[in-house]
Amino acid sequence: MGTLTAKQVFSNPIHFLAYGFGAGLSPKAPGTMGTLAAIPLYLLLMHAGTWIYLGGLTFSLVAGVFICGYTAEKLQLDDPGCVVWDEVAGYLLTMLGLPFGIVWIVAGFALFRLFDIWKPWPIRWLDRNIKGGLGIMLDDVVAALVSCAILNTAAHFVNV
């Protein structure tokens, strides 16, 4: 099957989320577009408060397994590039605990994309060996955890 039409994406709430609010429809770099689509969500959740942020993050991670798995199954693909909810959730996880500011927003975006694209071990292993919704999510979660750890360490030493 391969991909969904814009009408299919925007008329089904699960596909809409899986496609990162439509960002996965991008013909070029859908993962990067999905991460960009996460920034307004990050800003909204940050301004809503810590507990709302943590709730949104938890939802994005837990529901993401179902959201990504459901749409991938409909597309009959293991890890379709158009399914970018994993990038949305990954960016939110990357930004956990960081100071609020444009420097951190950009650094989080860049570092998360680096690890998500580069896929050093064990990210590459997870990407290749764990299937379904969990597999789609898991490599991005690990990329996000590595990015989050690096950025929070940097934030500890740098006052930006």
Could you go through the stretch 93-115 and let me know if any residue there is closer than 25 Å to ILE52 by Cβ and charged (D, E, K, R). no
Matching option when the condition is within 19 Å of PRO40 (Cβ to Cβ), hydrophobic (A, V, I, L, M, F, W, C) and either touching a residue at least 12 places away in the same chain (Cβ under 8 Å) or crowded, with 16+ Cβ neighbours inside 10 Å (or both), among MET95, MET137: MET95
Given the conditions (1) over 21 Å from ALA143 (Cα atoms); (2) part of a helix (DSSP H, G or I); (3) not polar (S, T, N, Q), every one holds for LEU77 apart from (2)
Answer yes or no: is there a residue in the stretch 70-82 that is of a type in the set (Asp, Glu), touching a helix residue (DSSP H, G or I) at 6+ places or on another chain (Cβ under 9 Å), under 30 Å from GLY2 (Cβ atoms) and surrounded by 15 or more Cβ atoms within 10 Å (Cβ to Cβ). yes
Answer yes or no: is there a residue in the stretch 97-109 that is in a helix (DSSP H, G or I), under 14 Å from the mean Cα position of the chain (by Cα) and more than 22 Å from ASN159 (Cα to Cα). no
I want to confirm something. Restricting to the stretch 22-46 and keeping residues that are without any contact (Cβ under 8 Å) to a residue 40 or more places away in the chain and among the small types (Gly, Ala, Ser), which single residue is surrounded by the fewest Cβ atoms within 10 Å (Cβ to Cβ)? ALA29
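Computed from the coordinates by the stated procedures, all read-outs in this text should not be read as laboratory data. Given the structure is predicted, the values throughout are model-derived calculations rather than measurements. Reconstructed Cβ throughout: ideal geometry from the backbone, glycine too, with neighbour counts over all protein chains shown.
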